[in-house]
Amino acid sequence: MEAVPARARAYVACAVLGALSCLLPLPTVETPWWAVGLLALVYAGCEQAAARWRFAGTFYPVLLAGAFLLPPPAAALVALPGALLSRVDQRQPWLRRLWRAAQLALAVWAAARVHWALGGRDAVVGSDFPYALVPAGAAVLAFCLALTVLDGGIRAFAERVPVRRAWRGLFLRSLAPIAVHGLAGLMMAVLWRSRYGPVAALLVLLPMCVSWWVFAQYHRERAAHQATIRALVQAVDIKDGYTRGHSERVGQASMMIARELGMDDARVEVLRFAGILHDVGKLGVPTRLLRKDGPLTPEERRVIELHPEYGHEMVRGIGFLGEARAAVLHHHERLDGSGYPYGLMGGQIPEPARVVAVADAFDAMTSTRSYRRARPVAAALEELQRCAGAQFDPRMVTALTRALARDGWHPAVTADEERDAYVVPGSPVPGRSGVG
């Protein structure tokens, strides 16, 4: 949201107005202000600690405990100090803080409203188990649903994600972690109402903080993986300026194919890595060959055709890449056995390599580069279908065709001239290294 569109600002303004409307009944509601202040202070402290130690995500147990303990308007108030004082490293920090405050206030209000409507307050006060789990579970679902709806909206308005994709998968991905936070929040609420009081309730946060720290380490490791991949891709882009941006787009197309084939999220991520890194072996190819304008000699072509093996040598020690390493080595194999480096046929070619081969060829045909014209998306798909069965796996071609028909293709500009996001002219110049 570096340059926030006007419609996104309007969306944030509507969310802020909605949050304010949730707070309007506060003067008429019997509110334990000391509890509101303590929970708000604890939540703000958790958010500041998260920013300082670079933890990932928001600490929801305190917010959900507020939803289980307080009237809805008071519960919504708990989130505001922590969100408004949160650290924001990006541009327009106050707009982002207002958005986060409004989003959390609305979600907590919805959770508290559902919890109170189902008699959750009495169940918490009376430690009525297992019934207390029913309104708490419904409140967690309401909280998760509210966050999902609001998150999808901001993706559609601010990040220009297509509306049909803006909400896809958000609810299911967030439900499990929020449910765990909900259990911790319920434990806090029950202990808070018990004879042990708020001090015992706050002790529940200790194991949650440990688990949060472990989760943060996972995200740091993931960020390190991403940084490693970015460094390799940037090195390839610098060396072979003609194909700048190609690796990221092949990663995007590979991810679209993997999702269309129904692969799980972990494999989809691996396929994205495979697409991004498929040409990393070009770092071992002389720059003069990569940038040669005229046709390649047979000897020069043989040198360039070594890049899959170079790439495999470079990445085979990177454990987190998994089967992406096989895609780097075999993405130029063909089903009929005429590919390289080993002339594998049909099912001998690893599935990730067959995915990346289609994604690589598609982007090569639909990219505008300084040394050639490209083809329209429809023409590129027609060519892929023509070569399916001999060069490309028909399943992968069909998956890409379906994904593009549903979601479209939005490639980045790779040359100085501007072009349409859907129609990109041209075909490869004979004699260069070929697709990808």
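The values are calculated or read from the model by the stated rules, or taken from the named source; none is laboratory data. In this text, all values refer to a predicted model and were calculated from it rather than measured experimentally. All Cβ positions, even for glycine, are placed from backbone atoms using ideal geometry, and neighbour counts span all protein chains on display. All accessible areas refer to the heavy atoms of the entire protein, side chains included, with ligands and DNA or RNA removed. Shrake-Rupley method; radii C 1.70, N 1.55, O 1.52, S 1.80 Å.
Could you check how much of the accessible area of segment 251-292 is carbon and sulfur, as a whole percent, using a 1.4 Å probe?
Values: 760 of 1510 Å².
Carbon and sulfur together cover 50 percent of it.
Charges at C-beta only: +1 for Lys and Arg, -1 for Asp and Glu. How large is the resulting dipole of the chain about its Cα centre, in Debye rounded to 20? Each step should come with its number before you reach the end.
Numbers: 48 positive and 37 negative charges, 139 e Å.
About 660 debye.
Which residues' amide hydrogens lie under 5 Å from the amide hydrogen of Arg375, considering only partners 5 or more residues apart or on another chain, with H built in the peptide plane?
Amide H to amide H, under 5 Å and 5 or more residues apart or across chains, Arg375 pairs with Thr366, Ser367, Gly426.
Mind checking segment 73-118 for trypsin sites (Lys or Arg not before Pro) that DSSP puts in a loop (not H, G, I, E or B) and that have at most 14 other Cβ atoms within 10 Å?
Arg87, Arg91
Loop sites only, by DSSP: take the GluC sites (Glu not before Pro) in the chain that have at most 12 other C-beta atoms within 10 Å and name the longest stretch containing none of them.
Free of exposed loop sites, the longest segment is 160-416.
How big is the dipole moment of segment 78-181 about its Cα centre under a simple scheme where the beta carbon of each Lys and Arg is +1, that of each Asp and Glu is -1, and everything else is neutral? Debye, nearest 20, please.
It works out to roughly 620 debye.
Return a whole-number percent for the relative contact order of the chain, with Cα pairs under 8 Å and 6 or more residues apart as the contact set.
For the chain, the relative contact order is 12 percent.
Quick check: at a probe of 1.4 Å, how many percent of the accessible area of segment 71-179 sits on carbon and sulfur atoms?
65 percent
Roughly how many Å is it from the Cα centre of segment 245-290 to that of segment 324-390, as a whole number?
So the two Cα centres are separated by 12 Å.
Which of the listed residues, Leu400, Trp99, Leu261, is farthest toward the dipole's positive end in the chain, when Lys, Arg count +1 and Asp, Glu count -1 at the beta-carbon?
Highest projection toward the positive end goes to Trp99.
So between Ala51 and Arg173, what do we pick up on full extension, going 0.36 nm a residue minus the alpha carbon distance? Display every interim value, and only then the final one.
On the way: separation 122, 0.36 × 122 = 43.92 nm, distance 2.27 nm.
Here the segment from Ala51 to Arg173 would lengthen by 41.6 nm.
Using the Kyte-Doolittle scale, find the helices of the chain whose mean hydropathy is at least 0.5 and whose Cα atoms extend 27 Å or more along the helix's long axis, counting only whole DSSP H runs. The partial results should precede the final answer.
Details: long enough: 33-52 (28 Å, 0.89); 93-117 (36 Å, 0.32); 133-158 (37 Å, 1.74); 170-193 (33 Å, 1.38); 205-239 (50 Å, 0.22).
Membrane-span-like by this rule: 33-52, 133-158, 170-193.
With a 1.4 Å probe and every protein chain left in place, work out the accessible area per residue of the chain in Å², rounded to a whole number.
46 Å²
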